[in-house]
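Everything on this sheet refers to the single structure shown next.
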Amino acid sequence: MKKILSIAGSDCSGGAGIQADIKTITAHKAYAMSVITSLTAQNTTGVFGVVDMSADFVIAQIDAVCSDITPNATKIGMLSNADIMQAVAKSIKKWQLKNVILDPVMVASSGGILMQQNAINSLKSELLPLADLITPNLLEAEILSQKKIVNLDDMKTAALKISNLGAKAVLIKGGHLEQNALDLLYFENKFFEFKSLKITTKNNHGTGCTLSSAIACALAFGLELNQAVQHAKDFVFEALSWSEQIGHGNGAIDHYFNIKSPF
């Protein structure tokens, strides 16, 4: 049984954050562990409140898990302030966590701001160099690289800039490009393009969380990084193909498309 640790915020509506991570990990028949960094009051229409855990309690959660269970991979999601960012960075070093996937959650798909400004510098200087892969979407990549992105060439320039900050590998998610669903991986001085048909739907709540968790699962099972990204992209594509509306806004995706109901 592969063991995956998610360090992220809680989405009480179940579509993103820790809840999406646990669903994704379960769908891969792996064992999910969770460290909650923030509680959010949110649903498919927006974020209505955020309460952060103390940095000490985040460390206490990580220590409790890692002193008993060794993760095969770790996914990091919402870290809203610099204190939590620094606490997670210290814990990665202390427990020598491997296969660390960093999803720099800055803005929710519904538009809610999920990362304080003071956390961005800590993300760049302390946490990013410790991750095996960082997975920003276009807006997050623009913030990290300070580069406007409108096409593939811009994505490549931004990936290089983020890599220069110390990232071992960079995956820029281009799902919001007008042309197609193109993701770009920069790894070991090479670019890898991942293309797929673009699914036109507003029901995309939690896609970024799901993608990063699926990559973590694939790495835990021994896939190479480019193979893990392709697997995760295929997984999200199938989950996005679900047509049922959950909620009144940006609805959830189907993490369990490959699991049959017992009833």
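The values are calculated or read from the model by the stated rules, or taken from the named source; none is laboratory data. Fair warning: this is a prediction, and the values are worked out from it, not measured in the lab. Here Cβ is always computed from backbone atoms with ideal geometry, including for glycine, and neighbour counts include all displayed protein chains. What goes into the accessible areas is simple: the full protein's heavy atoms, side chains included, and nothing from ligands, DNA or RNA. Shrake-Rupley method; radii C 1.70, N 1.55, O 1.52, S 1.80 Å.
Name the lysines eligible as straight-distance cross-link partners of Lys202: C-alpha to C-alpha under 21 Å, and not fewer than 8 places from it in the same chain. Partners within reach: Lys23, Lys173, Lys233.
So, for the stretch 24-171, what is the accessible surface per residue at a probe of 1.4 Å, expressed in square angstrom? Kindly include the intermediate steps, with their values, before the conclusion.
Working: 6140 Å² over 148 residues.
Using a 1.4 Å probe on heavy atoms only, each residue of the stretch 24-171 averages 41 Å².
Figure legend: label point modelled 7 angstrom from the Cα of Phe221 along Cα→Cβ; residues of the stretch 14-35 with amide N under 12 Å from it are 25-31.
In plain terms, the chain is cut at each of the GluC sites (Glu not before Pro) found in a DSSP loop with at most 12 other Cβ atoms within 10 Å, and the longest leftover piece is 1-177.
Setting aside same-chain residues fewer than 8 positions from Lys168, which aspartates and glutamates have a Cα under 15 Å from its Cα? Output for Lys168: Asp103, Glu126, Asp132, Glu188, Glu224. Each stretch of four or more DSSP H residues adds -39500 (n - 2.57); spread over every residue of the chain, this sum gives -11000 deg cm²/dmol at 222 nm.
The HN-Hα couplings worked out from phi for the stretch 255-263 by the Karplus form 6.51 cos²θ - 1.76 cosθ + 1.60 (θ = phi - 60°) are 5, 10, 4, 9, 10, 8, 5, x, 10 Hz, whole numbers, x standing for Gly and Pro. Taken over the Cα atoms of the chain, the convex hull encloses 119 Å³ per residue.
Sorting Cys12, Cys217 by accessible area puts them as Cys12, Cys217; the probe is 1.4 Å, largest comes first, and only protein heavy atoms count. Here the 3J(HN,Hα) profile of the stretch 15-31, calculated from phi with Karplus coefficients 6.51, -1.76 and 1.60 at θ = phi - 60°, is x, 9, x, 3, 5, 5, 5, 4, 4, 5, 5, 4, 5, 8, 6, 10, 9 Hz, Gly and Pro shown as x. Residue order by solvent-accessible surface for His28, His248, His255 is His248, His28, His255, largest first, with ligands and nucleic acids left out and a 1.4 Å probe.
Over the chain, what percent of the accessible surface lies on carbon and sulfur atoms, probe 1.4 Å?
Details: 6120 of 11750 Å².
Exposed carbon and sulfur together represent 52 percent of the surface.
For the chain, the longest stretch holding no trypsin sites (Lys or Arg not before Pro) located in a DSSP loop with at most 15 other Cβ atoms within 10 Å is which? The segment 30-97 is the longest one with no such site.
A Förster distance of 45 Å, applied to the separation of the beta-carbon atoms of Gln117 and Phe263, puts the FRET efficiency at 0.40.
In percent, rounded to a whole number, the relative contact order of the chain is 20, using alpha-carbon pairs under 8 Å and six or more apart. For the pair His248 and Val51, a Förster radius of 30 Å applied to the C-beta separation gives a FRET efficiency near 0.80, rounded to the nearest 0.05. What separates the Cα centres of the stretch 132-153 and the stretch 175-235 is a distance of 14 Å. Global size of the stretch 1-77: 12.7, 38 Å for Rg and Dmax (C-alpha atoms, Rg to one decimal, Dmax whole).
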